[in-house]
Each structure stands twice: as C-alpha cells, then as structure tokens.
Protein chains: 2
Amino acid sequence: MKRSKKERQQQLIHTIKNNPFITDDALANLFTVSVQTVRLDRLELSIPELRERIKHVASKSFEDEVRSLPLSDVIGEMVDIELDERAISIFDVKSEHIFQRNQIARGHHLFAQANSLAVAVINDELALTVKSTLSFVKPVKLGDRVIAKAFVTRKDQEKNRTFVEVTSTVENEIVFEGQFEMFRANEASKGELK
Amino acid sequence: MKRSKKERQQQLIHTIKNNPFITDDALANLFTVSVQTVRLDRLELSIPELRERIKHVASKSFEDEVRSLPLSDVIGEMVDIELDERAISIFDVKSEHIFQRNQIARGHHLFAQANSLAVAVINDELALTVKSTLSFVKPVKLGDRVIAKAFVTRKDQEKNRTFVEVTSTVENEIVFEGQFEMFRANEASKGELK
DNA sequence: CTGATAATAGTACCAAGTGCTAATATCGGA
DNA sequence: TCCGATATTAGCACTTGGTACTATTATCAG
C-alpha cells in the first residue's frame, strides 16, 4: 500500500481520463501494484476495459452522419445535426475557460463554439467564416452549460455563401447571439481558393 | 463468386468506411463468403483489423479534443501596449490551429487573438465584450505570423462602453478586421454586474 | 491476536484477430 | 475437354487484453 487504496483509485481515474488508451499492465507498472489490483480497482470504480474505453471515445466522435466536418473539429459536444439545416452543441464552462478574477467565460470560447457549429452544419468539403456579428448578451459563468443552436437562414448559390444564425443559451436564457456569413466550396468552385 | 472479387472488395471498402466497427464475421455474413476471404481481402486492401480501426478513430478525436483546450492561453504574444489607446500582439499559426484538411487557420483563433487584445487594451479591472462585428478577409495559413493591432476608437463614460477596432495582418496584408464594443467596470460601476 | 480488508497469484475462458499450411472450387483459354 | 491459375475455404497454433472465479498471502486496526 503505497498511499492507500483511495488515493490510488483517484489517481487511476485521473490517469485513465487523460489517457484512455492505457492498458491494465501499464497501469500496474505505474502504480507498482499487480495487474489484478488494477482490475479490482476498475471493477470498484466501474471503469470499463481498454477496448470498451477506446470504442466509447471512437463512437462518440463517429456518431451519426457528421460528414461535413469530423466532429472532432467542433468545440463542444455535438448533440444533433441536420446538414444544411440546423445543429446543436453543448459546451460546459470549466475553469480553463474563464477569467480567474470574476469567473466569467472568456468571449472567444463562446465564439469558438458558435463558429465551429456554423462550420459543421454546412454540408460541404470546405466552409469558412467570411463575416460575423456577435452579441454577448449575458455573462456566462463557471459551471454553466451552454447550449448553442445553429440554423441555416439563407443560401446564396451564386456567391457560395450560406448564412447561419447561432443562439446560445444557459438554462433557457439567451447568453449569446451571432450571425455568420459562411463561404462554402461546392463542386463547381473547388480549387478556386488559393 | 457472387460478383467477382473486385466488386466485393469495393463494397468492403465502402462498408468499413462508414462503419469501422464491423467485425470480419459480420462482413463474411454480409457478403456470404467465409471469414478467411474477408481477411484476405483486408490484407490485399491493407485495411487494418477492427481494433486498430477503432483505435484510429478514437485517437484522431482524442487528439483534437486535447488540442482544443489550450485555446485559453495561446492567444498571441503582446509586443506593445498603451492602455486605453492601442495594443499589438503577434500570433504564430501552428498545426494545432488549422483545419487538417486545408491548412487554413480556424476562425476562432483569429477572433481569440483580437478579442483578448481588445480586453487587454482596456485599463480597467473588468472588461467584457458586448458586441462585435468581424470580417475574415483572407484565409490565414499554417506558418503565417499574424500581427493584430488594436485601437481604442471611442469611449462612452456613461454607459461604461469602450469601442475598439482590431486589424490583423500577415505580411502587411489585412486578413481580419473586427469592431468590438466592450463593457468596462470603472470604479463607479463595480459590483453592478450580477 | 484475531478478523477484516487489501493485494497477489493462478486458472479457465473469450473475442477478434494474425500467420501459416493445405485442401478445394471455379474459371478461362488452348 | 483438360490444365493451370486464381479464388475460396478450412484448420491450427498463437496473440492481446481482457473477464470471472478461486485461493492464498499481506497488512492494518481494534
């Protein structure tokens, strides 16, 4: 018992969290205990085996037909998407997102969530933001769960533009609004961008 | 030979592509061939086994997840500042800032640089973005050095608002412009924000 | 000192493979 | 029609990273 069971289990949780790809064997070495001990720990903490962990990580990102952009490029967690129509993502405000002084989320995270959602909702190989107008309606605090909803409002086929409106709420209260004018590369315009 | 080897292999590629979670066994059933045939096919097409496929999908998404975190501190290096007047920062576009597909910098990093500069230039305890209008003039690429310059254009003492204009350039060419309306908490208004 | 808790050891088993050899099909051309 | 090439199937040993279970040994605390 290096530092008691509890302490080890806390470390185990932490270690696996930021490296789900580690095997029991490696964990046993890390904590200088036997593999069986690691397994008992996982059992108690109901942490699934390596393969299941990996599968979980993988399927989270693979879920549904997010073809336009790999889900990975989205800030926040995508919960719903209908390409070229709408998309919803969730973003939990953690300590790394706030100003330490006042616990208020820094604006660029809200923008990042909204902007990446605007990119993701577009059903095309390439989507870039051209212009946008933002309104930070209400400060967002540590621990808040921000739900961003994006709607495609208009498409201009000739100019390859798509207009997306994003509204972010915390407990049904609007905290952020943004209009995004997006450039999209459809088949015809591929390769035009230098 | 239901439809020739080639045809089956094409289908195999397709099937695995949009469901990397399928086992050889399931594939064998699907094409009504033996498991061995599926394995030979994978071998010829150099498609890795199920576990490796899943691992690949997982690590791709995991890397991006990790990558999106350090957004908090990497917002450029301040090189000059005159409080309530102007500020300049430099931001080098690295691989973690771009879309892998086209090497173009993700918009929120440009916004983050500009926005944090707008916050920094304000000589007050608290500064928050209220509204902003952005224009992504030209795509920024991997390796580019973005120089953002912020100017305070106007102050509205009564409403506690400060207006900041930010222009970002790469090799003297404008790539981004933004107008920011900032809320500031001066002595008089401290604690008003709930 | 004795129980309880914790840790270790060992066994059988599983899924989803790889790598290999060997036996059959099946087809297409001389 | 028969022959050889290609394609397919079968079988076996072995691998990883586990589960599930039992048995033994430490270790600590009252």
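The values are calculated or read from the model by the stated rules, or taken from the named source; none is laboratory data. These figures come from a predicted structure and were not determined experimentally. FYI the Cβ positions are ideal-geometry reconstructions off the backbone, even for glycines, and counts take in every protein chain you see. SASA here: full protein model, heavy atoms, side chains in, ligands and nucleic acids out. Shrake-Rupley method; radii C 1.70, N 1.55, O 1.52, S 1.80 Å.
Quick notes
- Taking 30 Å as the limit for the C-alpha separation, the pairs A:Lys131/B:Lys159; B:Lys55/B:Lys94; A:Lys55/A:Lys159 exceed it in the case of A:Lys55/A:Lys159.
- Accessible area that becomes buried as B packs against A, both chains, 1.4 Å probe, Å², nearest 100: 3900
- The residues of the range A:5-59 present an accessible area of 62 Å² per residue when probed at 1.4 Å with all protein chains retained.
- The phi-based Karplus calculation (6.51 cos²θ - 1.76 cosθ + 1.60; θ = phi - 60°) puts the 3J(HN,Hα) values of the range B:31-47 at 9, 6, 10, 7, 4, 4, 4, 4, 5, 4, 4, 4, 4, 4, 8, 6, 9 Hz, whole numbers, x for Gly and Pro.
- In a reduced charge model with +1 at each Lys and Arg Cβ and -1 at each Asp and Glu Cβ, the range B:4-68 shows a dipole moment near 140 debye about its Cα centre.
- Ascending list, in nanometres, of distances separating the A:Thr23 label from those of the other copies (7 Å, Cα toward Cβ): 2.1
- Cα-derived Rg over Rh, computed across the range B:4-68 with Rh taken as Kirkwood radius: 1.07
- Centroid-to-centroid separation of the range A:76-123 and the range A:135-166 [C-alpha atoms, Å]: 9
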